[in-house]
Structures are given as structure tokens and as C-alpha cells.
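**Student:** This structure is in C-alpha cells; I'll ask about it shortly.
The values are calculated or read from the model by the stated rules, or taken from the named source; none is laboratory data. Worth saying up front: this structure is predicted, and the values here are computed from it rather than measured. Every residue, glycine as well, gets a Cβ built from its backbone with ideal geometry; the counts of neighbours run over all protein chains shown.
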Amino acid sequence: MQDARSDGSLAVEYLLAAGGTHCLVIDADTVVDQVVLSNFFRFLRYAPVDIVIGGHLFDRHRPAILCETGTSATNIGPAFAHHAHMDGRKIESLVGFNKASKSGRIPAWLCAIPSKHIRALKRNLTVFNTKVQPDPTVLREIGITAMSLPGIGIWGERRRYDPCYTLQTLFWTSNPATKVLYVRELLGKLDILDNSDDENKESTALHLGANSKISFNTYFNSFYFDYWAECASEQIRAVFVEITFSGQILVEVFNDRTGGGCGKVFETYFDGSTSTIASFKVDLFRTERGRLFFDIFSQTGAVIQEVSLRTYSKPLRNPNFTLGICTFNRESYLVKNLQAILREESLEDRLGAIFIVNQGKKFSNPNLLDLLSQSKIINVIEQGNFGGCGGFTRTMYEAITIPT
């Protein structure tokens, strides 16, 4: 329902008009199993009438992965997405559900709200276009318990209410020659599980030993705020740091200022016994222009799976491109670069064509030939050796002459 009044009142009137003991809210773009819904209703037959009941959200693109079960987020401070990225195929993942726990907020992908309390929530519903969900502060004030049920799962898009535009993803390597460009070991022990060359693995992971500390005060993983501000000063007002991890971590945020001097902005602590997504906000207008970076300390040990910077600000445009590569008898480098480019999911809808201008011998590397035969976007142009200028000029010529 689109709430034109933007205060939740119109949505409430629709819900109340339907009648019944509960108002069940389900996102239209989710996949729901009818047996799951039946079990949901059966639970409601025994549940107290004051309790708000929700379900769990699985990733539609990776159906065995649980996105989250709800969040302990308040209106102020860091947020946890409970059990985020949990692999439902692993028996040990179910241990986290052995003890019932309350939720601070029930997401609106699947939520049953007692009708008797809908009127009380009338002006306190958070409305996201077609989505309605009760505010956690209001639930506490009127004494409503909220709980999210394991075994009641639907499939949809991951964390649609969170900052959904990624500005930067932090990354790292186990290569000792270049590791310091990505992450620094400040204290204790750091092991990097490097699966970057294995297309069956999603990413690498940082394993911190007990009493260990790392820093992303590095060339590749700093957030160069001053450069962003020059190009997008009005669009990017805040960034949300999102960390996928397990264990206990203390995150420190630093601002290395343009005018000189480096200071800590703030620090925040997270505890996740299983794979968890933690996020916190950094207001850019409250920091001085320059560079932001993060240090992570763990007293008991932790595994860092992913770190990214996200924003609510919608991009101004949707760029796409062609890729031009000039090569001369460097097949081993060429095949590794092509494999890396084609594995990168974020480029899948952006990359229209790849033009390879070969100015050396005919290709003979079996892996390269196999890759070229399978790809629909790679085009190979054979020509004499006209140097870098001639090779790259040819790639640009091919790019502007192909059909749009």
C-alpha cells in the first residue's frame, strides 16, 4: 500500500478495515512457502495476543543463506542483523536458535501485528513506500513483545531497508609482497585465508588471533573522503560501515585530516558468536576532510569476512563501459586478468564488450583459448605491432564503432 500521508495513518486504516485478530504484512516481492504460512498461523493460535511475530529472511539469490532474523537496532547507535549470512545447510548454525530471544524490531518482509494494538501504532509506523513495520521504541512503550521465529522463513532481497548503495569494498591478499598495501598487522597474529584465485569461493577472510589488532590505514582500503567530497559533496552526507564477522571486535574510526593531524572519531564494540553483520554510521559533515580508516581489535579472536562502506544516497548515473586490452606475447598475464574480470559480479551488467588487440604471436595458452571460446563478450583483433599507441587506439576505435 502506498501511504500518501507519509505518517502511517493511511496504511493503518487499510489494515484495520481488513479485520481479524492480527494484521499480517508480507512483502509482495518475496517467495513464501504455503506450508510455512500454515505453521505460522498455527503458532499464532497458541501465542499471546500481545506478541508481534515475524519470520526470517533468506537470500533469494543464495537460497540456503539466511540474511537475518530481525535486528536489535535502536534509533541511535550501531545495528546488528542477527544470524546474518548464516548457512542453513550447516547443522552447527542451528545452535543459535536453541534459546528463544526477543527482537528489537520485526522487519516487514513477514510480520503479524495484533489488531488490538494497530490503532496505538497508528502514528508510529515506519513506512517504506509499500512496507510497514512497527517502531521498536513504540513497541517497548506500549509493552508489546516482539519475536522472530526460526522455521518461519521466506526468500527475498537482502536487507532492503539498509543503506543499499555500496561506495567501497575493502579487500586484502595473502601475498607477503603486497599485503601491507591492504591491511597492517599492529598487534598479535593475523592469518589471511586467501581464496581469491578459487572461483568457487566468494571471498577471502581475515583470521585474528586473541589480543590481535589490524589496521586498514593503507593505500587500498582508506576511504579518501576529500576526493569524494570534490565530486559528490552534496550527495554523500554519511557512510555506513558494514562488517560481516564472527567473534568479538572493537572497531576504531580515524580521521586523517587534510590540514594535518590524525584523530579518533569514535569506537564501537560488537559481539557475534556466529556470522553476523554489524553496521555503524559515520557522519561525513562532522568530520574534517581528508581520509578515513578503521582499526579492528579482538581480545578473544575473530574472523572478518567482509567490510564495505555504503550509503542511502542514490547514484546520479548508471555507467557502463567497454574494456580495451593491448597485448604482446603476455598470455599468462592476460588469462589471469580476464579470469579476474569475468568473475567480478559487480561488473557483470556494466561491461558490454572486451576488445583484445593482439600484436604478438597467435594465442596458444590452452586456458586462454578455452576462455575466449566460452565468452560472448570478448573480441580478439589481430594486427601488427604498432606499439601501445597503435594497440590502444584500435581498442577505442572498435569500442565506438560497435552497435549501441
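**Student:** Is region 255-263 home to any residue that is under 20 Å from the mean Cα position of the chain (by Cα) and over 30 Å from Ala399 (Cβ atoms)?
**Tutor:** Applying the first criterion (under 20 Å from the mean Cα position of the chain (by Cα)) to region 255-263 yields none.
No: region 255-263 contains no residue that is under 20 Å from the mean Cα position of the chain (by Cα) and over 30 Å from Ala399 (Cβ atoms).
**Student:** Quick check on region 266-286. Is at least one of its residues at pLDDT below 95, surrounded by fewer than 18 Cβ atoms within 10 Å (Cβ to Cβ) and outside any strand (DSSP E or B)?
**Tutor:** Checked against the condition, which is being at pLDDT below 95, surrounded by fewer than 18 Cβ atoms within 10 Å (Cβ to Cβ) and outside any strand (DSSP E or B), region 266-286 yields at least one hit.
**Student:** Are there any strands (runs of 3 or more DSSP E) wholly within region 159-260 with 2 or more residues that are surrounded by 19 or more Cβ atoms within 10 Å (Cβ to Cβ) and at pLDDT 90 or above, and if so which? Give the steps one after another, and end with the answer.
**Tutor:** Details: elements: 165-169, 184-187, 190-193, 205-208, 212-215, 238-257.
So the answer is 205-208, 212-215, 238-257.
**Student:** Please list, ordered by first then second residue, the pairs with beta carbon atoms under 8 Å, 6 or more apart or interchain, first in region 279-303 and not assigned by TED's automatic domain parsing to the domain that holds Thr169 and acidic (Asp, Glu), second modelled with pLDDT of 95 or more and surrounded by fewer than 19 Cβ atoms within 10 Å (Cβ to Cβ).
**Tutor:** none
**Student:** Going by the structure shown, is Thr327 surrounded by 14 or more Cβ atoms within 10 Å (Cβ to Cβ) and farther than 30 Å from Asn365 by Cα?
**Tutor:** Values: surrounded by 14 or more Cβ atoms within 10 Å (Cβ to Cβ): yes; farther than 30 Å from Asn365 by Cα: no.
No, not satisfied.
**Student:** Then there is this: Would you check if there is a residue in region 239-257 being over 17 Å from Ser308 (Cβ atoms) and free of Cβ contacts under 8 Å to residues at least 12 places away in the same chain?
**Tutor:** Within region 239-257, none of the residues are over 17 Å from Ser308 (Cβ atoms) and free of Cβ contacts under 8 Å to residues at least 12 places away in the same chain.
**Student:** Which residue is farthest from Asn221 (Cα to Cα), if the candidates are limited to region 291-331 and must be part of a strand (DSSP E or B) and of a type in the set (Phe, Trp, Tyr)? First the steps, then the outcome.
**Tutor:** Start the filter on region 291-331 by keeping residues that are part of a strand (DSSP E or B), which leaves 291-298, 302-311, 321-327.
Add one more test, that the residue is of a type in the set (Phe, Trp, Tyr), and what stays is 293-294, 297, 321.
Values: Phe293: 7, Phe294: 9, Phe297: 17, Phe321: 24 Å.
So the residue we want is Phe321.
**Student:** Let me ask something additional. In region 287-296, which residues are closer than 21 Å to Ile236 by Cβ and at pLDDT 85 or above?
**Tutor:** Gly290, Arg291, Leu292, Phe293, Phe294
**Student:** Moving on. Has region 350-358 got any residue that is in contact (Cβ under 8 Å) with a residue 40 or more places away in the chain, in contact with an Asp or Glu (Cβ under 9 Å, 6 or more places away or on another chain) and either closer than 28 Å to Asn221 by Cα or in a helix (DSSP H, G or I) (or both)?
**Tutor:** There is no residue in region 350-358 that is in contact (Cβ under 8 Å) with a residue 40 or more places away in the chain, in contact with an Asp or Glu (Cβ under 9 Å, 6 or more places away or on another chain) and either closer than 28 Å to Asn221 by Cα or in a helix (DSSP H, G or I) (or both).
**Student:** Then there's this: Right, Ser346: exposed (fewer than 11 other Cβ atoms within 10 Å of the Cβ), out of contact with any Leu (no Cβ under 7 Å at 6 or more places or on another chain), outside any strand (DSSP E or B) and among the small types (Gly, Ala, Ser) or not?
**Tutor:** Here the answer is yes, as Ser346 does meet what is asked.
**Student:** If we scan region 295-302, do we find a residue that is hydroxyl-bearing (Ser, Thr, Tyr), under 24 Å from Ala205 (Cβ atoms), crowded, with 19+ Cβ neighbours inside 10 Å and under 18 Å from the mean Cα position of the chain (by Cα)? Before you say what the answer is, go through the steps one by one.
**Tutor:** The first filter runs over region 295-302 and keeps only residues hydroxyl-bearing (Ser, Thr, Tyr), leaving 298, 300.
Checking which are under 24 Å from Ala205 (Cβ atoms) leaves us with 298, 300.
Next cut, crowded, with 19+ Cβ neighbours inside 10 Å only: 298.
With under 18 Å from the mean Cα position of the chain (by Cα) added as a condition, the list becomes none.
There is no residue in region 295-302 that is hydroxyl-bearing (Ser, Thr, Tyr), under 24 Å from Ala205 (Cβ atoms), crowded, with 19+ Cβ neighbours inside 10 Å and under 18 Å from the mean Cα position of the chain (by Cα).
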